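We did not get these values from a lab; they are worked out from the coordinates using the rules stated. This is a predicted model, so every value here is computed, not measured. All Cβ positions, glycine included, derive from the backbone under ideal geometry; neighbour counts span all protein chains shown.
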Amino acid sequence: MTQKTEIDWVDHFKKVCICRSITGGTIMKAIQDGALSFEALRRAIRVGTGNCKAKRCRPKIEDKLHAYRCALEVEAKRSKGEDAASPPEPGTCDGGDACNP
Ligand code: FES
């Protein structure tokens, strides 16, 4: 197993919203199903509705949303034949040229 794959599996099963016991995999599935904002995720899977009112989980979820939107943008550029950088990992996007969600 490569290190990237190992990290993906850990992220998949790791609880991101601790108050609601919602894992990264559940969040990514909802994002891929079209919940592309924190409010949409809140409505879809009730993430961020626990006792801390999203103080702990919202930054991590916003990072995942940002990285997903960046990846979509990069993929759209590639499909048009434009030069595009690799999509960023969650939490690492610096808002550079490849990022414009
Ligand atoms: S960790 Fe998500 S609502 Fe508290």
Region 48-62 - phi-based ³J(HN,Hα) in whole Hz, Karplus 6.51/-1.76/1.60, Gly and Pro as x
x, 10, x, 4, 7, 6, 6, 4, 7, 9, 4, x, 5, 5, 4
Size of region 10-79 along its principal axes in angstrom, Cα-based, largest extent first?
42, 25, 18
In region 10-79, lysine pairs 8 or more places apart or on different chains with C-alpha atoms under 19 Å apart total 13
Amide H within-cut-off set for Val16, under 5 Å, with H built and near neighbours excluded
Ile22, Thr23, Gly24
Using a Förster distance of 22 angstrom, determine the FRET efficiency expected from the C-beta separation of Glu75 and Ile7, and round it to 0.05.
0.60
Where in region 2-39 are there trypsin sites (Lys or Arg not before Pro) that are in a DSSP coil and have at most 13 other Cβ atoms within 10 angstrom of their Cβ?
Lys14
